[in-house]
Amino acid sequence: MTRPWYIAIAMVLCVHVALACNQTPTTPISGPSGPLALHDDVLDSLGAVVQQLVGEATCNDVGECRLIGFGAKPCGGPAGHLVYSIVTTDSVQLANTVEQYNARQEELNRKLGLISDCALVEPPALACIDSRCTPIYQGTR
């Protein structure tokens, strides 16, 4: 059974891979404020805080589970969605940290001139499975 925190970690990794894959150079490039590395410590730090806030996402009922848009696609909108539990997560602190993360990623997208497929990332349905908030994606069982 897939655990929500595995999915959350995978999403953070996917966001970083997407940034790297959309950028051709393998050396730092220059932006308006100087050299920009392909690896961003601020984004990494914020992502780690988000993962810590989401934690295990435990639940007794699906009503305790929530989604939040995470990451920023270059065309706009979230890169994906994180599943969390209102029982174990401070929703306000998570929203504030995710907002900072998304803003940083939007800034990097602009500075690096990244592009994406502009496809809308549909939010998954939610379930409480084995006492964990779990995303249910269309077409999965």
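What is the sum of charges around His81, taking Lys and Arg as +1, Asp and Glu as -1, for the other residues whose C-beta is under 11 Å from the C-beta of His81?
Numbers: positive: Arg66; negative: Glu122.
Here the charged neighbours net out to 0.
With a 1.4 Å probe and every protein chain left in place, tell me how much accessible area Glu106 has, in Å² to the nearest 10.
Around 90 Å² of this residue is reachable by solvent.
Note down the net charge around Gly47, summing +1 for each Lys or Arg and -1 for each Asp or Glu among other residues with Cβ under 10 Å from its Cβ.
-1
Could you report the accessible area of Asp61 in Å², rounded to 10, computed with a 1.4 Å probe on the protein chains as they sit in the structure?
Here the accessible area works out near 90 Å².
If Tyr101, Tyr137 are ordered by their accessible area, calculated over protein heavy atoms with a 1.4 Å probe, which sequence runs from highest to lowest?
Tyr137, Tyr101
Accessible area, 1.4 Å probe, largest first: how do Glu107, Glu122 sort? Could you put the intermediate results ahead of the total?
Details: Glu107 55, Glu122 120 Å².
I get Glu122, Glu107, largest accessible area first.
For Arg132, enumerate residues with amide H under 5 Å from its amide H, sequence gap 5+ or separate chain, H modeled in the peptide plane.
For Arg132, the qualifying residues are Cys59.
Quote the accessible area belonging to Val92 in square angstrom, nearest 10, computed with a 1.4 Å probe and with ligands, DNA and RNA left uncounted.
Surface open to solvent at Val92 totals about 100 Å².
Enumerate the calculated ³J(HN,Hα) couplings along the range 72-78 in order (Karplus 6.51 cos²θ - 1.76 cosθ + 1.60, θ = phi - 60°), each rounded to whole Hz, writing x wherever the residue is Gly or Pro.
9, 6, x, 7, x, x, x
Taking H as built 1.01 Å from N, whose amide H comes closer than 5 Å to the amide H of Ala72, not counting residues under 5 places away?
Ala79
Between Gln138 and Asp117, what FRET efficiency follows from the Cβ-Cβ distance if R0 is 22 Å, with the result rounded to 0.05? Before the final figure, lay out each step's value.
Numbers: r = 18 Å, r/R0 = 0.81.
According to the calculation, E is roughly 0.80.
Taking θ as phi - 60°, what are the ³J(HN,Hα) couplings along the range 100-110 by the Karplus curve (6.51, -1.76, 1.60), each to the nearest whole Hz, with x for Gly and Pro?
Those phi angles translate into 5, 4, 4, 5, 5, 5, 4, 4, 5, 4, 5 Hz.
Step through the residues of the range 51-60 one at a time and calculate ³J(HN,Hα) from phi using the Karplus curve (6.51 cos²θ - 1.76 cosθ + 1.60, θ = phi - 60°), rounding each to whole Hz and writing x for Gly and Pro.
4, 5, 5, 5, x, 7, 6, 6, 8, 10
The values are calculated or read from the model by the stated rules, or taken from the named source; none is laboratory data. All values reported here derive from a predicted model rather than from experimental measurement. Virtual Cβ from ideal backbone geometry, glycine too; neighbours counted across all protein chains shown. For accessibility, only protein heavy atoms count, side chains too; no ligands or nucleic acids. Shrake-Rupley method; radii C 1.70, N 1.55, O 1.52, S 1.80 Å.
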